[in-house]
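Worksheet: the structure to be examined is printed underneath.
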């Protein structure tokens with residue numbers, strides 16, 4: 001009977017070690033998913049030429065948010081004169097925990 005009891009304890013120990021290993025794998029996978037998860041974003045723009053037809057804030061970003069807001073206003077006053085406004089936009093996002 002002592003032999004059977006030892007085998008049961010060994011089996012429980014093996015099951016516990018497998019469970020602990022599975023839990024460690026799940027924790028590592030969760031950390032990896034969190035590291036790739038986007039947590040906040042913002043939109044940015046800039047006017048790159050400096051033309052007199054482009055007025056207002058020429059380089060602006062919304063605040064970091066999970067609910068992004070608008071940038072500051074920018075007036076594009078392109079008229080019949082030559083030139084105009086040159087713009088660039090970018091979307092920035094934060095990843096991780």
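Kindly indicate whether any position in the range 7-22 is closer than 30 Å to residue 89 by Cα and at pLDDT below 75. For the range 7-22, residues closer than 30 Å to residue 89 by Cα and at pLDDT below 75: absent. Being at pLDDT below 70 and loosely packed, with under 14 Cβ neighbours inside 10 Å is the requirement here; does residue 78 meet it? Yes; evaluated as a whole, the condition is true for this residue.
The values are calculated or read from the model by the stated rules, or taken from the named source; none is laboratory data. Every value quoted in this text rests on a predicted model; they were computed, and no experiment measured them. Virtual Cβ from ideal backbone geometry, glycine too; neighbours counted across all protein chains shown.
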